[in-house]
Amino acid sequence: DAGVTQSPTHLIKTRGQHVTLRCSPISGHKSVSWYQQVLGQGPQFIFQYYEKEERGRGNFPDRFSARQFPNYSSELNVNALLLGDSALYLCASSLRGVEKLFFGSGTQLSVL
Amino acid sequence: GEDVEQSLFLSVREGDSSVINCTYTDSSSTYLYWYKQEPGAGLQLLTYIFSNMDMKQDQRLTVLLNKKDKHLSLRIADTQTGDSAIYFCAERYDKIIFGKGTRLHILP
């Protein structure tokens, strides 16, 4: 079975632009979580979705939004990009809640 | 608030045991985890322990939990070059909170 897949793997944007990152969970997993990992830091929680509903939100500005589709895939959107948004964005899926997260390889976003 | 602390760097000789330590703040944590991250990759769940357990062993990995001191440790027996990575401690209450990671360096 395929693991968590994320696209694109790398992305370069300029300040002020917006970006959409995509994630497909492991088959059968209904929950998706998004994390931001800045270089040298641990992952920071952004969102969790379960059955298409937001179940948790971290301390991120409203420029960050996400949604989950009926097939349980998910998108993370970031508007008005700032230099500080440069990071590895990780998607993780789990069966239901957040007991055990399985991570994708991430999308490396560079904002110039 | 929630916080997970771990030392940033550990250097160990190949064949020795590695012990990575972590402290956490939320006494209500239900699960505690160890994740491994290799360069350019996402995080891989290595092992986890329920908060009502003291120890868990899984092949070369041993997790010890001291709830009184809110201290978690990961012991890797017979450390190999393939164990070179960043190891993240994490706690779960309503969401999973990660530490900053410990970079494990293996000496020949």
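At-a-glance table
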quantity: Radius, Kirkwood style, for the protein assembly as shown when every pair of distinct Cα atoms is counted (Å); calculated: 17.9
quantity: The range A:76-82 - phi-based ³J(HN,Hα) in whole Hz, Karplus 6.51/-1.76/1.60, Gly and Pro as x; calculated: 10, 10, 10, 9, 6, 4, 10
quantity: Unit charges on C-beta of K, R, D, E only; dipole of the protein assembly as shown, Debye; calculated: 320
quantity: Inter-part distance where the range A:1-65 and the range B:37-99 are each reduced to a Cα centre, Å; calculated: 23
quantity: Antiparallel bridges, percent of DSSP beta bridges restricted to chain B (to nearest 5); calculated: 90
quantity: Among B:SER51, B:SER29, A:CYS91 the positive-end extreme of the charge dipole of the protein assembly as shown (Cβ point charges); calculated: A:CYS91
quantity: Long-range HN-HN contacts of A:GLN44 with modeled amide H, under 5 Å; calculated: A:GLN36, A:GLN37, A:VAL38
quantity: Estimated dipole of chain A in Debye, rounded to 20 [Cβ of Lys and Arg +1, of Asp and Glu -1, Cα centre]; calculated: 100
quantity: Per residue Cα convex hull volume in Å³ - calculated over chain A; calculated: 92
quantity: Links that overshoot a 29 Å alpha carbon limit, given the list B:LYS36/B:LYS70; A:LYS100/B:LYS68; B:LYS67/B:LYS95; A:LYS30/B:LYS70; B:LYS36/B:LYS68; calculated: A:LYS30/B:LYS70
quantity: Karplus-derived 3J(HN,Hα), 6.51/-1.76/1.60, for each residue of the range B:16-33, Hz, glycine and proline x; calculated: 7, 8, 9, 10, 10, 10, 8, 10, 10, 10, 8, 5, 8, 4, 9, 10, 10, 10
quantity: Sequence-distant residues sharing a close amide H with A:ALA66 (under 5 Å, placed H); calculated: A:ASN77
quantity: Accessible area of the protein assembly as shown divided out per residue, in Å², using a probe of 1.4 angstrom; calculated: 50
quantity: Distant-in-sequence amide H partners of B:SER7 (H built 1.01 Å from N, under 5 Å); calculated: B:ASN21
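The values are calculated or read from the model by the stated rules, or taken from the named source; none is laboratory data. Please read all numbers here as calculations on a predicted model, not as lab measurements. Please note: Cβ atoms are built from the backbone with ideal geometry, for glycine as well, and neighbour counts cover all protein chains shown. Protein only, heavy atoms only, side chains kept; ligands, DNA and RNA dropped before computing areas. Shrake-Rupley method; radii C 1.70, N 1.55, O 1.52, S 1.80 Å.
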